[in-house]
Every structure is written in structure tokens, then in C-alpha cells.
Amino acid sequence: MTVRRTIDDSTSKGIEGRSLDRKRVYTSEFNSWALTDSMPSSALIFDTTLRDGEQTPGVALSIDEKLRIAEALSDLGVDVIEAGFPMISTGERDSVKKIASLGLQSRVCALSRSSRKDVDVAIDCGVDYVHTFIATSDAHLRHKLKMTRDEVKSRAIDAIEHAKAHGLTVEFSCEDATRTDLDFLKEMHIAVQQAGADKINVPDTVGVTSPPAMERLITELLSVTKVPLSIHCHDDFGLAVSNSLTAVRSGARQVHVCVNGLGERAGNAALEEVVLGLMAFYNIRTNVDTRKIGHVSKTVANLTGMPIPGNKAIVGGNAFAHESGIHVHGILVDPSTYEAFGPELVGMQREIVVGKHTGIHSVKEKLSEYGVSLTDDHVKKVVEEIKKLAESGKHVDDAELVALAYHVAGQRAGEVRKVKLKEFAVFTGLNITPTAVVTLEVDGENKRGSEIGIGPVDAALNAIRSVVSGKISLVEYRLSAITGGSDALCEVSVKLQHNGEKKAASVGKSVGSDIVQTSVDATVEAIDRLYSRISKE
Ligand code: KIV
Ligand code: ZN
């Protein structure tokens, strides 16, 4: 049973009172079975991408990169940003200091062990919110800390009292809480709230709890905890999001998350999945502006160098991609048939992909994006060709689809190009801003332009676009190596859009040994197609 449910406007209000257009989610009506009277109506989002997320093996962010992520998170609407763990290095202290001085809308917090020295270092960084922690499980006490339970409790209390005496907001965590003796865990919660902790976080440090156990644990802890409870789940069994949602449903008021599910080992609960899950299943609102999720996710992936898997929920490249003919047909009639919610809700785009399972609806729809219209017989022929190619293991991208369509229909054969590359040069080197100069012949007239860019390819593409029209935007750029070695052949495909309109797109593709030249050739081809199309319309 499916229900078309509207997220009520109040669930989507951001920090500045911004609200989403009414968007639709198509969840199961059976979810109403899980609604309870005691569920909170809202939850706080504590983002730890810059702390636990940076502990992802292989990730190390520069100060500049951290500042960019902090700004993006604040703009997204997270309530708290854990900016780092200042005790670990001077670089970490500098970045926490800088983030704290940005004047962000989110609160900025620093992680601190339960020690006065750590708290003092956090205070020196200018934060007014500290997250103190100490391990409480017997295994950690015995093997790591070599301390007794009483010693651990005194340390936790001392650090909290010290931080409170300096006017800080204090959130406290019993590290490895989910493997801690329940009576001792409760004893810790009672002691730290008496010491002045403002919030108590419950870390499932090694991701070893099942959702029903999480429900019971939060209920047990709520019986002794008067301050708000927070939850911090790791994904070792793939249950971090499920456990986080369960914890909030059971009464926790805050969730620790990382963008794209980054974090130690298998990662932390993914921000995007938690926010959408709370909203879609339990109608629990957050201050996150969901429309910015796609952008923030890409920013974090680029800056951390951790690519987003295609099948990642919500932000993966395939999350709104449809290939099967049956699905595409359904989607084109009503997206609720095969989508849980519209991609616009999370700042993503729907994509129709052609391949082995393609049908005529997909091909027609896809070609219409590029202004190519074929007879039904030609569409059938294109579908047959695509299936043959796909079955031989070849992925057919948009540029190849368009080329195939022209081939089958005999279109553009012998057609004279309207846009030709006449001259091109790019200057780059150490301490030089990459700059490109380009001359294009457009409808017989030479036009020249120059532009700078982040790299030589960016400069070249900017220069070309400056010649033709500021209204042309680059929506996709793909580079792949065909052969190995430093003299490898590369393949570049670009997708352009005119006026930001999905139905005014164009693709170009080229193969060569010089990345910049090949990128230029592919772009000029796409521009030629777009230009021919616009001038016909
Ligand atoms: O996973 C964990 O236990 C942590 C603590 C520092 C809260 O990240
Ligand atoms: Zn953690």
C-alpha cells in the first residue's frame, strides 16, 4: 500500500524560517504503525564531518577545506558543527579557531577528552561548546585506560565542572556506551548531569547494537537522564542510520551525523539519510534545508577525495537514475511509481540512463533533451542497437546515444558545422593563474575570447563559453583514460545546457592524447550541436 504524503510545511523550516515548497514523498502507509505519542516533533542535527568524518582512513583536510565545509554545513542548517579535536595538533587548533571565528549560524563545538588541559585548549580556540568524553566499557577501562570505574567517573565530572566554570555548553559522551554495564552507564549519566552537563550523547562506538536494543537502551537511559539525550552511531553492521532513527523515535533529541556517512571505519550515520528518514517516516523535523543536501554532499566528496558510491541512498549517482523500460515508462507518467521522493527535495536530478533494459520511452525522452526527434521505427532501431552494445558490455553514454540516433536517422550527415575551432592556446605553470585564449568561427564570423580558470581545462572551457554565450552552462564533464601510461589516450564527454533548461541540452565527445585539447574538442562539438539547434528553434 502506498500513500502520497505531503511533508507538512512546519517540518521543513530552516534556521532563518525558510521553508520548502510542498514536496511529496511516497512512503508506505504502514509506517503509521510506528508513530508514537512520545516521539519528539523535532530533532537537532550535530554534524561531525570535520571531526569523526575526518577520521575516515585516508582523509585529511586542509584548513581552507575545513572552512569551506563548515560554511556549507552552516548554510545547510545543521545545529552544531563539531569542528575538530584541538588537542591532536596545532593545525587542528588553527582550523577550530578559524571556524569558531567565522560567526556561523550553527554552533561550533570542539571535542575534548575528559581533562582540564583539553578543555583549556578548546577554550583557547574560542568555542563556547565542548564535547567531552571518556570510555566507560570494561574492555576500554581494562585495556586502554587502565582505570577503575570511580576514576573514570571523577575525571568526567572534573572536566565538566571545569568547562561549566568557564561558561561553556557541555555535551558529554560515555565512549563505547553500548558495551558498558547498564548500571554503571546510568550511574555515569546521573553523575555528569549533576556536574552540569547540558546534553548527554550515547555513542555506539563500534556499531554493535541492533535497533530494538537501541530502543530499550534509550528508554532505560531516559529513566535517569533529565538533560537531552543525543545519539552517535557507527555503521559497522550497516545499521547506523536505522539505530539513529530508532533512538530519536525512542526519545533522543539530537543525532550525530557525517555527510555521505563518512567517519571512522565503516563511517557514521549519514546526515542525508537521517534527515530524510526522520522527516519521511516519523514526521520529525530538523533545521536542515534538504534542497541543499546534494550540493553539500558533492562539496564534501570533492574536498575529502571520498567518492560517493553510485548506489548510495539519496546522494548517489544512481539514486534517481532509471534504466529499465518499465520503470522509465512509469516515471514519465507519474514519478511516484518508482521514486520514494522527488530528486528536487534533496537538490538532486532525475536521470534516464540507456542500457540493456532500455525501452522506447527512455530513448524518446532522452533524445528529446537533446532536441533530437525520431520516427517510431528509428527509435526502435536505436533501442535494438543500444541493447546489442550493452550486451557486449559497452556502456552507452548520452553523446553516443545522440551520435547513434543521428546515424540511424541519417541526420546531420554532411551537415556543415556552424561552430568551428580556429585558434586555441592555454598558459599555465607555477604561480600563474591558468589562462586560455580561443578563437571560434561562429556562422562564418571569427569571435575571440579569453578567460582564467582553476586549472587549464577549466580556463579553456570558460574561454569557449565566453565566446558563445554566458547562458550556456557546463552540467557534466567526464574524463577517462583509455590506455595507461603518461602518454595515455583520454576520452572526454561534456554535457551543456542552454539557459539552465533540462530540455535544451547538448553533448559532445572526443578522444585524444592531450587532455586540454580533447576537452576543447568535445566542448566545441557540444556547442556546435546546441548552436545549430537553437538557431533552428
Ligand atoms: O564513536 C565514538 O565513541 C566517538 C566519541 C568521541 C564520541 O566518536
Ligand atoms: Zn565516533
Subject >> Inter-label distance for T90 and D120, nm, one decimal - labels placed 7 Å from Cα along Cα-to-Cβ >> reply: 1.8
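Multiply the residue separation of K356 and S28 by 0.36 nm, subtract the distance between their alpha-carbon atoms, and state the gained length in nm to one decimal. Please list the in-between numbers first.
Values: separation 328, 0.36 × 328 = 118.08 nm, distance 3.01 nm.
Contour length minus Cα-Cα distance gives 115.1 nm.
Quick one: putting +1 on the C-beta of Lys and Arg, -1 on the C-beta of Asp and Glu, what dipole do you get for the chain around its Cα centre, in Debye to the nearest 20? Spell out each step's value before the answer.
Values: 63 positive and 73 negative charges, 130 e Å.
Using only the charged Cβ atoms, the result is roughly 620 debye.
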Original post:
Roughly how many debye, to the nearest 20, is the charge dipole of the stretch 321-409 about its Cα centre, given +1 on each Lys and Arg Cβ, -1 on each Asp and Glu Cβ, and no other charges?
Top reply: 260
**OP:** Tell me the label-point distance for the pair A213, A139, using the 7 Å Cα-to-Cβ offset, in nm and rounded to one decimal.
**Re:** 1.0
Original post:
Can you give the accessible area of S101, probe radius 1.4 Å, in Å² rounded to 10?
Top reply: 90
Original post:
Across the stretch 520-530, in residue order, what do the Karplus-derived ³J(HN,Hα) couplings come to in whole Hz, using 6.51 cos²θ - 1.76 cosθ + 1.60 with θ = phi - 60° and x for Gly and Pro?
Top reply: 4, 4, 5, 5, 5, 4, 5, 5, 4, 5, 5
**OP:** Could you give the spread of the C-alpha atoms of the chain along their three principal axes, from largest to smallest, in whole angstroms?
**Re:** 85, 60, 43
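Here are some pairs, K66/K312; K387/K502; K98/K312; K422/K447; which of them have Cα atoms lying more than 21 Å apart in this structure? Could the numbers behind the result be given before it?
Working: K66/K312 23 Å; K387/K502 25 Å; K98/K312 32 Å; K422/K447 9 Å.
Distance filter (> 21 Å) returns K66/K312; K387/K502; K98/K312.
Roughly speaking, to the nearest percent, how much of the chain's 1.4 Å accessible area is carbon and sulfur?
51
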Subject >> Amide H contacts under 5 Å for N201, placed H, 5+ residues apart >> reply: F172, S173, C174, S230
Original post:
Leaving out ligands, DNA and RNA but keeping every protein chain, what accessible area does S250 have, in Å² rounded to the nearest 10, with a 1.4 Å probe?
Top reply: 20
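Which value at 222 nm does the chain reach when only helices count, each DSSP H run of 4 or more adding -39,500 (n - 2.57), with the total divided by all residues and rounded to the nearest 500 deg cm²/dmol? Write down the numbers at each step before the final one.
Values: 15 runs with 193 residues, N = 537.
Mean residue ellipticity, 222 nm, calculated: -11500 deg cm²/dmol.
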Original post:
Quick one: Karplus J couplings for the stretch 137-152, per residue in order, coefficients 6.51, -1.76, 1.60, θ = phi - 60°, nearest Hz, x for Gly and Pro?
Top reply: 6, 4, 4, 5, 4, 6, 8, 9, 7, 6, 10, 8, 4, 5, 5, 4
**OP:** Among C490, I527, N462, flag the residue with its Cα farthest along the positive direction of the charge dipole of the stretch 419-536, charges on Cβ as +1 for Lys/Arg and -1 for Asp/Glu.
**Re:** I527
Original post:
Along the positive direction of the dipole of the chain (beta-carbon charges: Lys, Arg +1; Asp, Glu -1; about the Cα centre), which of L430, L374, L141 reaches farthest?
Top reply: L374
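Using the per-residue mean of other Cβ atoms lying within 10 Å as a proxy for protection, in what order, highest first, do the peptides 397-403, 131-137, 421-427, 311-317 fall?
Averaged packing, sorted descending, gives the order 131-137, 397-403, 311-317, 421-427.
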Original post:
Helix 211-222 sits at what angle to the longest principal axis of the chain, using alpha carbons and giving 0 to 90 degrees rounded to 10?
Top reply: 40
**OP:** With an 8 Å cut-off on Cα pairs and a minimum separation of 6 or more residues, tell me the relative contact order of the stretch 321-409 in percent.
**Re:** 28
Subject >> Two-site FRET efficiency, K186 against V333, from Cβ-Cβ distance with R₀ of 45 Å, rounded to 0.05 >> reply: 0.25
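Starting from the exponent 0.38 and prefactor 2.2 Å, build the expected Rg for the stretch 419-536 from its residue count and divide its actual Cα Rg by it. Present the calculation step by step, with values, prior to reporting the outcome.
Values: Rg = 13.9 Å, N = 118, 2.2 N^0.38 = 13.5 Å.
So the Cα radius of gyration is 1.03 times the expected 2.2 N^0.38 Å.
More than 18 Å apart: what percent of Cα pairs in the stretch 129-230 qualify? Write down the numbers at each step before the final one.
Numbers: 2171 of 5151 pairs.
Summing the P(r) tail past 18 Å for the stretch 129-230 gives 42 percent.
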Original post:
What's the angle, to the nearest 10 degrees (0 to 90), between helix 360-369's Cα axis and the longest principal axis of the chain?
Top reply: 80
Subject >> For peptides 440-449, 517-526, 276-285, 252-261, sequence by mean Cβ density within 10 Å, most packed first >> reply: 252-261, 517-526, 276-285, 440-449
**OP:** Determine ³J(HN,Hα), in whole Hz, for all residues of the stretch 464-469 in sequence, where each value follows from phi through the Karplus function 6.51 cos²θ - 1.76 cosθ + 1.60 and θ = phi - 60°; x replaces Gly and Pro.
**Re:** 5, 5, 5, 6, 8, 5
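Suppose a student asked you for the relative contact order of the chain, using Cα pairs under 8 Å spaced at least 6 residues apart; what percent would you report? Could you put the intermediate results ahead of the total?
Details: 1120 pairs, mean separation 56.7, N = 537.
Relative contact order comes out at 11 percent.
The values are calculated or read from the model by the stated rules, or taken from the named source; none is laboratory data. What you see is a predicted model, and the numbers here were worked out from it, not measured in a lab. Cβ coordinates were reconstructed from backbone atoms using ideal geometry, including for glycine residues, and neighbour counts include every protein chain displayed. Side chains are part of the model used for accessible areas, which takes the heavy atoms of the whole protein and leaves out ligands, DNA and RNA. Shrake-Rupley method; radii C 1.70, N 1.55, O 1.52, S 1.80 Å.
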